[in-house]
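*Asks:* Take a look at the following structure, please.
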Amino acid sequence: RLAPVEISESEEANMDVTTMKRLPDAAAMVVIIALLQACAWVKPTASGAGVRVASAAEVAGCSEAGSTQVSVLDKVAGVRRGYTTVAEELATLARNSAAQLGGDTVVPTSEIVDGTQTFAVYNCRGRR
């Protein structure tokens, strides 16, 4: 059993001041984390911008050019990033990779796990 602790008025006032000093730091951290979650760090390359993301049904008449596995950070400072942001960045990386493989279309072939996803790469030129 713990015994109650007596706190003097000056100690209590000091605790209040310490708590007040930490509030702006905590608020700033919340704002920084929120901004980082919204940031898209991955940009399409010039050739990657010409690659589209499609469904498996949309590539039925296309030739397969390979596959690519891409990864991004799914956590920043221990905080999980937004699913949509991570998914968009993975798709952008897949598009960039597909362009290097000579493809013009990518189809996700796996779920996102720990910031990693696999895409099939297709060449659908003239079949869109």
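The values are calculated or read from the model by the stated rules, or taken from the named source; none is laboratory data. Keep in mind that this is a model prediction, so the values were computed, not measured. No Cβ is skipped: glycine too gets one built from the backbone with ideal geometry, and neighbour counts run over all protein chains shown. In case anyone asks, the SASA skips ligands and DNA or RNA and just uses the protein heavy atoms, side chains included. Shrake-Rupley method; radii C 1.70, N 1.55, O 1.52, S 1.80 Å.
*Asks:* Could you please report the charge total around G50, scoring K, R as +1 and D, E as -1 over all other residues with beta-carbon less than 10 angstrom from its beta-carbon?
*Replies:* Counting the neighbours of G50, the net charge comes to +1.
*Asks:* Apply the Karplus curve 6.51 cos²θ - 1.76 cosθ + 1.60, θ = phi - 60°, to the phi angles in the range 82-90 and return the couplings in whole Hz, x for Gly and Pro.
*Replies:* Coupling constants for the range 82-90: x, 4, 4, 4, 4, 4, 5, 5, 5 Hz.
*Asks:* Something else now. Could you rank the peptides 64-73, 98-107 by their average count of other C-beta atoms within 10 Å per residue, with the highest value first?
*Replies:* Order by mean packing, descending: 98-107, 64-73.
*Asks:* Sticking with this one: Dipole size in debye (nearest 20) for the range 47-121 around its Cα centre, Lys and Arg Cβ +1, Asp and Glu Cβ -1?
*Replies:* Charge dipole of the range 47-121: 200 debye, to the nearest 20.
*Asks:* Can you list residues from other chains, or at least 5 along the same chain, whose modelled amide H is less than 5 Å from the amide H of T109?
*Replies:* For T109, the qualifying residues are T118, F119, A120.
*Asks:* Amide H neighbours of V53 under 5 Å, counting only residues 5+ apart in sequence or on other chains, H built in-plane at 1.01 Å?
*Replies:* The list, which skips near neighbours in sequence, is V106.
*Asks:* From the phi angles alone, apply the Karplus equation (6.51, -1.76, 1.60; θ = phi - 60°) to the range 59-66 and give each ³J(HN,Hα) in whole Hz, x where the residue is Gly or Pro.
*Replies:* Working through the residues one at a time gives 10, 4, x, 9, 9, 7, 10, x Hz.
*Asks:* Additional query: Residue by residue through the range 92-103, what is 3J(HN,Hα) from phi via Karplus (6.51 cos²θ - 1.76 cosθ + 1.60, θ = phi - 60°)? Round to whole Hz and write x for glycine and proline.
*Replies:* Each residue's phi maps through the Karplus curve to give 5, 4, 5, 4, 4, 5, 4, 4, 5, 8, x, x Hz.
*Asks:* For the range 65-128, with all protein chains present and a 1.4 Å probe, just round the carbon and sulfur fraction of the accessible area to a whole percent.
*Replies:* Roughly 47 percent of what the probe reaches on the range 65-128 is carbon or sulfur.
*Asks:* Another question about this same structure. What length, rounded to one decimal in nm, is gained on full extension from E9 through to Q69, with 0.36 nm per residue of separation minus their alpha-carbon distance?
*Replies:* Between E9 and Q69, full extension yields an extra 15.5 nm.
*Asks:* Let me ask you something else. Just by accessible area at a 1.4 angstrom probe, what is the order of E58, E6 from largest to smallest?
*Replies:* Of E58, E6, the descending order of accessible area is E6, E58.
*Asks:* Given the protein chains as shown and a 1.4 Å probe, how many square angstrom of K43 are accessible, to the nearest 10?
*Replies:* 130 Å²
*Asks:* Test of understanding: what is the full-extension gain from Q100 to A87, defined as 0.36 nm times their sequence separation minus their Cα-Cα distance?
*Replies:* 2.7 nm
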